[in-house]
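Presented below is the structure to which this report refers.
The values are calculated or read from the model by the stated rules, or taken from the named source; none is laboratory data. Just so it is clear, the model here is predicted, and its values are computed rather than measured. Cβ placement follows ideal geometry from the backbone for every residue including glycine, while neighbour counts extend to all protein chains displayed. What goes into the accessible areas is simple: the full protein's heavy atoms, side chains included, and nothing from ligands, DNA or RNA. Shrake-Rupley method; radii C 1.70, N 1.55, O 1.52, S 1.80 Å.
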Amino acid sequence: MKTYYKKRAPVYDAVYAYPERQEDLRYLEKYIPDQFTGLKVLEIAAGTGYWTQFIALVAESVLATDATTETLEQLKKRALPDSVSTRQADAYHLEDIPGIFSGAFAGLWLSHVPRQKYREFILGLHSKLTPGAIVVLIDNSKAQCNRLPITHEDEFGNTYQNRALQNGQIYSVLKNFPTQQELHEMTVDISSDLQFEELDNFWLYRYSVKKQPGT
Ligand SMILES: C[S@@+](CC[C@H](N)C(=O)[O-])C[C@H]1O[C@@H](n2cnc3c(N)ncnc32)[C@H](O)[C@@H]1O
């Protein structure tokens, strides 16, 4: 998957031009930054920074992370304020990232996390967040399969799609479509103020990191 996104980085933003996504995108471009006003945001799998550019307008700071430097190089080509910094980081190993954050965002990332690793990923993310921090996850709805049909499913129920690069190379990429219930189960004892919304082409899940007694 990393290799696929590394090679696709220069043309990745084409997904934001698909006509059927435009109405939802305008909604999310307002909704997402509205959640992060004045917060220190840790962005996971930021890619080329499509969402970073909107969050950066209102956040105190954004640390945009991704596993590949190629996508982050594209991100840096955007006109972003000095409050945005970047760091190469694996979403499953955030422990080396300095500091603690009051917000977290991951766009079109959870769909690439194997179902059996949802909990590991989210606990690792929470280890970098303050109690009460705002978390927003967004991803594709199943409408995305009209362009990229599911090819097969593995023993954990993870689904896969074939992705073609411009040079014709084809990669089999894990792409899941978690349900509202799965999202709730992932954060069941560690979240509050849950909000789930299903748009035509995307879903969004927003919650606060649960404050423990005394915090
Ligand atoms: C579908 S793209 C999403 C990019 C961006 N968040 C967006 O919404 O446009 C998935 C991103 O995950 C990154 N990625 C893949 N494996 C990763 C990992 N283990 N840790 C962090 N990022 C990873 C890829 O490099 C790619 O930029």
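Does Asp82 satisfy the criteria of being over 14 Å from the mean Cα position of the chain (by Cα) and open to solvent by less than 20 Å² (accessible area, probe 1.4 Å)? Quick ask: steps written out before the conclusion?
Numbers: over 14 Å from the mean Cα position of the chain (by Cα): yes; open to solvent by less than 20 Å² (accessible area, probe 1.4 Å): no.
No, not satisfied.
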Checklist line | Lone unmet requirement of (1) under 25 Å from Val11 (Cβ atoms); (2) among the charged types (D, E, K, R); (3) outside any strand (DSSP E or B) for Arg87 | finding: (3)
Next item on the list: Select, from Gln88, Gln22, Gln74, the only residue that is in contact (Cβ under 8 Å) with a residue 24 or more places away in the chain and open to solvent by 30 Å² or more (accessible area, probe 1.4 Å).
Entry: Gln74
Next item on the list: Kindly provide the set of residues from region 52-72 that are over 20 Å from Leu94 (Cα atoms) and not small (Gly, Ala, Ser), ordered by number.
Entry: Gln53, Phe54, Ile55, Leu57, Val58, Glu60
Checklist line | Residue list for region 177-215, restricted to those being out of contact with any Lys or Arg (no Cβ under 9 Å at 6 or more places or on another chain) and among the β-branched types (Val, Ile, Thr) | finding: Thr179, Val188, Val209, Thr215
Margin query: Show the residue pairs meeting these rules: Cβ distance below 6 Å; 6+ apart or different chains; first residue within region 100-122 and free of Cβ contacts under 8 Å to residues at least 40 places away in the same chain and over 17 Å from Gly157 (Cα atoms); second residue open to solvent by 20 Å² or more (accessible area, probe 1.4 Å) and small (Gly, Ala, Ser).
Written below: none
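For region 75-94, check the following and say yes or no: at least one residue is within 13 Å of the ligand (Cβ to nearest atom), at pLDDT below 95 and more than 24 Å from Ile32 (Cα to Cα).
Residues of region 75-94 that are within 13 Å of the ligand (Cβ to nearest atom), as a first pass: 75, 78, 86-94.
Retained after the next criterion (residues that are at pLDDT below 95): none.
Scanning region 75-94 turns up no residue that is within 13 Å of the ligand (Cβ to nearest atom), at pLDDT below 95 and more than 24 Å from Ile32 (Cα to Cα).
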Check: Pairs under 7 Å by beta carbon, first residue away from the ligand (no atom under 12 Å from the Cβ) in region 27-50, partner small (Gly, Ala, Ser) and in a loop (DSSP other than H, G, I, E, B), six or more apart or different chains?
Finding: Phe36/Ala59; Leu39/Ala59; Val41/Ala59
Checklist line | Criterion violated by Cys145 - all others in (1) part of a strand (DSSP E or B); (2) free of Cβ contacts under 8 Å to residues at least 60 places away in the same chain; (3) surrounded by 12 or more Cβ atoms within 10 Å (Cβ to Cβ) satisfied | finding: (1)
Next item on the list: Select from region 32-64 the residues that are of a type in the set (S, T, N, Q) and closer than 15 Å to Leu137 by Cα and write down the one among them that is surrounded by the most Cβ atoms within 10 Å (Cβ to Cβ).
Entry: Thr52
Notebook entry, point to check: Counting only residues that are touching a helix residue (DSSP H, G or I) at 6+ places or on another chain (Cβ under 7 Å), not aliphatic (A, V, I, L, M) and not in a helix (DSSP H, G or I), how many does region 15-73 have?
Noted result: 9
